Amino acid sequence: MDNSTRSEKSRQLIIQAALSVIARDGANKLTIDAIAKEAGISKGGVLHHFRTKQAVLVALLDNQRVHFGHFAREFLDGEGKHSSEPALAMQISVLREASKQPHSVALAILGAISEQPSLVEGVKMTDAEHVAAIRKEAADPDLAILRWTAARGLLWTSLFNMCPLSEQERQRCFDLLLDESRWTKNSPQQSKPRKH
């Protein structure tokens, strides 16, 4: 194994160790020492790859981007092929998947973003690209953005433990947001008269 391959394996081991520490003990327990112990390597080995805890958190953000990028591509190659609005369906599915992760990981990443505000710009640019793709393919762009925003609300309220819905109810809401038949102008649900 060459040095660059060995170095990348060590880097990934450190990232996975950090995820384990955060998921098990919470973001406030993430230290270079805790990562080294979890990874089974020396503190110097961790510091060789990441000079600070903040650098580890930035790497975790990048790791999450790669993970969800892969998830999104798999969705588009599979279920997304059957959708009339694949960009929207993919985004809702990614948000649903994110809601299943340990909340402590997402909160640690948010902590990294709060400590390094420039990271927000990358997230905002990516979101702007997703919104543009959703609008471009949607028959009703406003409704599509509303569905996307609702899915984001389900994720964020669950991350901050502010969602009054059970996990089962949240998953049902994601199902409803993904069900295109409920959002078309000719669907039976939309033609029913409102009860006042």
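Roughly to the nearest percent, how much of the accessible area of the chain is carbon and sulfur, given a 1.4 Å probe?
The value for the chain is 56 percent carbon and sulfur by accessible area.
Per DSSP H run of at least 4 residues, take -39500 (n - 2.57); add these up for the chain, divide by its residues and hand me the 222 nm value, nearest 500 deg cm²/dmol.
Calculated at 222 nm, the ellipticity per residue is -24000 deg cm²/dmol.
Cross-link candidates for residue 9: which lysines have Cα within less than 25 Å, leaving aside residues fewer than 8 places away along the same chain?
Counting by Cα, and skipping residues close in sequence, residue 9 has these lysines nearby: 29, 37, 43, 53.
For residue 169 paired with residue 181, estimate the spin-label separation in nm (one decimal), with each label point 7 Å from Cα along the Cα-to-Cβ line.
Between residue 169 and residue 181, the simple spin-label model gives 2.5 nm.
At 0.36 nm per residue, minus the direct Cα-Cα distance, what do residue 16 and residue 142 gain on full extension? Give it in nm, one decimal, please.
Computed gain between residue 16 and residue 142 is 41.4 nm.
Enter the mean projected area of the convex hull around the alpha-carbon atoms of the chain, in nm², rounded to one decimal.
If you wrap the Cα atoms of the chain in a convex hull and average its projections, you get 14.1 nm².
Any idea of the accessible area per residue across the chain, 1.4 Å probe, to the nearest Å²?
Result: 60 Å² of accessible area for each residue.
Quick check for me: using +1 on Lys/Arg Cβ and -1 on Asp/Glu Cβ, what's the dipole size of the chain about its Cα centre, in debye to the nearest 20?
So the dipole magnitude of the chain works out to roughly 340 debye.
The values are calculated or read from the model by the stated rules, or taken from the named source; none is laboratory data. If you're wondering where the values come from, they're calculated on a predicted model, not measured in any experiment. Counting neighbours? That spans all protein chains shown, and the Cβs are built from the backbone with ideal geometry, glycine included. Side chains are part of the model used for accessible areas, which takes the heavy atoms of the whole protein and leaves out ligands, DNA and RNA. Shrake-Rupley method; radii C 1.70, N 1.55, O 1.52, S 1.80 Å.
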